[in-house]
Amino acid sequence: MNQPIGIFDSGVGGLTVAAAIQKLLPQESLIYFGDTIHSPYGDKSEETIRFYAEEIVRFLLGQGCKAVVIACNTASALAFEHLQEQFPGTLILNVIDPVVEYVGSNINNKVGIIATRATTKSGVYRKRLRKLNPKLNIVTAATPLLVGVVEEGFVNTKVSSGAIEAYLGSKKFQDISTLILGCTHFPLLQKEIEQFFGGRTEIVDSPELVAHQLKRLLQSQALLSSAETVEHQFVVSEYTEAFARTARMFFGARLELKEHLL
Ligand code: DGL
């Protein structure tokens, strides 16, 4: 029960999920792995993403993690089932299903989805949403540049506003009621995106939905921690200043970043 929860992404994006988990489950210790050396995942093949994801889960389980959160939509779309097969009996969560459940059962208007190229190409969101609500009007776009904007620390700059305008200014997004940020990097741009839509569009809070799903699952398996002290660890496959800066923004200036090459 008091073992840590493993969380991973290609880089800083999954920190948005880690922060939501820390907020909802403050007694849980976390080990975050950012695969910075292989970032971005969004333009890589299914085989490559599965390979990296498997290596990371092996590493996290080697650190004694009681559960693993795939805090990356791309790896959730392309490697979730593969990881379940490779690590039977391990509690593994993806970031797509909680969002699909929420949107599929609560929204009836036009829904937009922005994600990496790999997630968009997989069609996972569209397929799973259609299963829950066949009538849902869904528009999607691959917005890979937004990953680089976040990863390189260009949030709240002309670079981010230009990229948001270029992607979301497209006609098909004009009358959406709801936008799914189908990449864990994008919540870092949430405020700017909200402003872009003038507050008319609901931006789905994926990290919070994922944190609640994790809580439910840990509870149902009697795995919630009762530890009195928590310790978070942050590991990257290659040190980058941008990662350190963003991680400190979420988890405080004293955060120590370790390097581990897979
Ligand atoms: N943050 C990831 C996602 O949710 C990956 C972005 C990338 O590395 O391309 O898809």
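So in the stretch 39-58, with the set limited to residues that are open to solvent by 50 Å² or more (accessible area, probe 1.4 Å) and assigned to a helix (DSSP H, G or I), which one is farthest from the ligand (Cβ to nearest atom)? Only one residue tops the list, namely ARG58. Candidates in the stretch 146-197 are the residues that are free of Cβ contacts under 8 Å to residues at least 24 places away in the same chain and in contact with a strand residue (DSSP E or B) (Cβ under 7 Å, 6 or more places away or on another chain); of these, the one that is most open to solvent (accessible area, probe 1.4 Å) is GLU194.
Checking every residue in the stretch 45-56 against the condition of being under 20 Å from PHE251 (Cα atoms) and polar (S, T, N, Q) gives zero matches. Scanning the stretch 229-262 for residues that are without any contact (Cβ under 8 Å) to a residue 12 or more places away in the chain and open to solvent by 60 Å² or more (accessible area, probe 1.4 Å) turns up THR229, GLU241, ARG248, MET249, ALA253, ARG254.
The set of residues from the stretch 204-220 being within 15 Å of the ligand (Cβ to nearest atom) and either open to solvent by 10 Å² or more (accessible area, probe 1.4 Å) or in a helix (DSSP H, G or I) (or both) comprises ASP205, SER206, PRO207, LEU209, VAL210.
Restricting attention to the stretch 113-131, the residues that are within 16 Å of the ligand (Cβ to nearest atom) and either in contact with a Leu (Cβ under 7 Å, 6 or more places away or on another chain) or outside any helix (DSSP H, G or I) (or both) add up to 7. Determine whether ALA253 is modelled with pLDDT under 95 and in a loop (DSSP other than H, G, I, E, B). Yes; evaluated as a whole, the condition is true for this residue. As for the stretch 59-78, it holds no residue that is open to solvent by 10 Å² or more (accessible area, probe 1.4 Å), assigned to a helix (DSSP H, G or I) and touching a strand residue (DSSP E or B) at 6+ places or on another chain (Cβ under 6 Å). Could you tell me whether any residue of the stretch 74-87 is in contact with a Gly (Cβ under 7 Å, 6 or more places away or on another chain), within 12 Å of the ligand (Cβ to nearest atom) and closer than 21 Å to THR143 by Cα? For the stretch 74-87, residues in contact with a Gly (Cβ under 7 Å, 6 or more places away or on another chain), within 12 Å of the ligand (Cβ to nearest atom) and closer than 21 Å to THR143 by Cα: present.
The set of residues in the stretch 88-102 being more than 16 Å from the ligand (Cβ to nearest atom) and either at pLDDT below 95 or closer than 21 Å to ILE138 by Cα (or both) consists of GLU101, TYR102. One residue stands out in the stretch 13-29 among those that are more than 8 Å from the ligand (Cβ to nearest atom) and within 15 Å of the chain's Cα centre (by Cα): the one that is most open to solvent (accessible area, probe 1.4 Å), namely GLN22.
The values are calculated or read from the model by the stated rules, or taken from the named source; none is laboratory data. In this text, all values refer to a predicted model and were calculated from it rather than measured experimentally. Backbone-built Cβ (ideal geometry, glycine too); neighbour counts: all protein chains shown. Heads up: the accessible areas ignore ligands, DNA and RNA and are worked out on the full protein's heavy atoms, side chains in. Shrake-Rupley method; radii C 1.70, N 1.55, O 1.52, S 1.80 Å.
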